[in-house]
1. Using alpha carbon coordinates only, what is the Rg to Rh ratio of the chain, with Rh defined as the Kirkwood radius?
2. Can you give the % of DSSP beta bridges in region 179-385 that are antiparallel, to the nearest 5?
3. Count the DSSP beta bridges whose two residues both fall in region 6-167, then state the antiparallel fraction as a percent rounded to the nearest 5.
4. May I ask for the distance between the Cα centers of region 125-176 and region 225-271, given as a whole number of Å?
5. Which value does Rg/Rh take for region 207-284 over its C-alpha atoms, Rh per Kirkwood?
6. Work through the residues other than K182 whose Cβ is under 12 Å from its Cβ and net out their charges, Lys, Arg +1 and Asp, Glu -1.
7. Taking the dipole about the Cα centre of the chain, with the C-beta of Lys and Arg at +1 and of Asp and Glu at -1, give me whichever of L63, Y347, L238 is farthest to the positive side.
8. What relative contact order, as a whole-number percentage, does the chain give when Cα pairs under 8 Å and 6 or more residues apart are counted?
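Rule-based calculations on the coordinates, nothing more; no lab input. The shown structure was predicted, so the numbers you read here are calculated from the model rather than taken from an experiment. Neighbour counts run over all protein chains shown; Cβ positions are idealised from the backbone, glycine included.
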Amino acid sequence: MGAIKFGTDGWRGIIGEDFTLENVKFLSEALSNYIKNQSQKNPEDFKVTIGYDTRFLSNESALLISRILAENSIKVDLSSYPVPTPVVSYTTSKNNSDYGIIVTASHNAGIWNGIKIKDSHGKSISEIEANLIEKEILNIKSNKNIDEYIDLEKAEQKGLITKIFPLKNYIKDLIKLVDVEKIKSSKIKIISDCMHGTSSGILPKILGSENLLIKEINNEGNPLFPGIKQPEPIESNLLDLSNSVKDEKADIGLAFDADSDRLGVIDENGKYIDTPYLFCMIADHVTAQKYKGPIVSTITMSSMVDKLASFHEVKSLRTKIGFKYVAPLMEKSSSFIGGEESGGFAYSNHLIERDGIMSALLLLESLSYSKEKPSDLLKDLNKKLGNHFYKRIDIPIEKKNNINNINQFLKDPKISTFLGKKITKLDKTDGLKINLENGDWIALRLSGTEPLIRFYSESSNQKQLDSMLNEILKKLGISIS
């Protein structure tokens, strides 16, 4: 059994190897101890909101966590059904919980599961808190067997575990934040790809009407996530959605990862919209229509973000990858919108945490206001900010792709030019980002959620973009065949 380590967002492990009920017990007991030791409050004065996704062992793990917390006299609000991570974050922030827990591996493949821990505001816990919980886990593994904990019925009778139905209030509040009636009257035809995850049924509940056509695909929970490599709304996983949009002559395709904190979009022509540009489309709308303030994003986001901020005469603020970095910067800068390249965007009037459902609604609102198609919105952005070509590739770390060579290059690349262009900056904020004199850039970093190395690149020229990616792979001796 591997060590329990928190990555970019929570702990994840392969089911049956690292993610086991035994390890879930250790983490639950460690969290109980951490909660009890950090404050003068009595354990019974604490409350934790718990939810889970559609994966193997998610329901069982959520129940186990609830019972162990209850055994330690900590009250639990436990969702009665699978829910999106943003619903757990929202409920945690609204029902005065001290923490929120969601059993999910987010966008990872079906062989994975994991646990995310949220603070009282629904944000990811800090690195400091994660490190303290990790230390407590090690202490428990060495000194304690966790074999006895209260059964569910007894915990419910004592008021320690309460079953909740959190979707109703979440949807009720979302409707207040977006012009739902305008979206309904626009008669936008939508295909929604639930990717066998937790978004199933939510958009129809919010937008369902005779004037709006919403068709869901892959809307039955399935822990195997059939037909796709993993439930991540990226281009390679959205062929089904693209074909559905074209076949149904829909106006837009919306896709959500397994825990619904990310959004992917297919335009009316069946073409995937890269997430950095999707972020800019939404940011352009909210900055113009709702709140004019700093735009927060990660260093692997498109340079279009900086140009968009300049266009609206606001600041563009950058940080490391992961919402545990984005959220604090949003708070510090009083930003309305923050996002990362993976398709996770947040809005401070709702949650300072990613919410794919909210992102989808804001995009639909933008389309209904402008009366344009998704491809037109992107063309409008390109006219204002210039053409950009962006690409991300993920490569598994295998023996043939020597991790030592990669780490050495990240630490000391020893280059001053790249493809004949002068390097203006080597940014080591998170991995390595190589900025070139003509504004092009390429970045690489080790994933914090999967055994992958990720490459990101942007150029004003498609041919140059491909050349940059090929050159960096060549330098590292990485084969993608």
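1. 0.97
2. 45
3. 45
4. Cα centroid to Cα centroid, the span is 33 Å.
5. 0.96
6. 0
7. Going by the Cα projections, it comes out as Y347.
8. This gives 13 percent for the chain.
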